[in-house]
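Right, one structure below, let's go through it.
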């Protein structure tokens with residue numbers, strides 16, 4: 001069970017399709033959902049996809 005503090009934390013979501021090398025900031029068919037509860041981890045992941053030259057939509 002989540003605590004109230006955990007429930008109030010923002011959640012950052014991206015959908016990733018490694019086959020098409022695509023990152024989406026909205027739900028996209030065929031993409032895998034990734035959720036982050038730490039902005040630093042979210043940003044680190046985005047930086048990693050950018051370094052791998054993924055496209056964003």
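The values are calculated or read from the model by the stated rules, or taken from the named source; none is laboratory data. For clarity, every value in this text was computed on a predicted model and none was experimentally measured. Note: ideal-geometry Cβ built from the backbone for every residue, glycine included; neighbour counts use all protein chains shown.
Among the residues of segment 4-25, the one identified as modelled with pLDDT under 80 and farther than 16 Å from residue 38 by Cα is 4. So which residues in segment 27-42 are touching a residue at least 24 places away in the same chain (Cβ under 8 Å) and within 15 Å of residue 55 (Cα to Cα), if there are any at all? Listed by number, the list holds a single entry, 28.
The set of residues in segment 10-23 being crowded, with 17+ Cβ neighbours inside 10 Å and over 18 Å from residue 51 (Cβ atoms) consists of 15 alone. Looking only at segment 39-57, residues that are surrounded by 12 or more Cβ atoms within 10 Å (Cβ to Cβ) and either on the phi > 0 side of the Ramachandran plot or in a loop (DSSP other than H, G, I, E, B) (or both) come to 1 in all.
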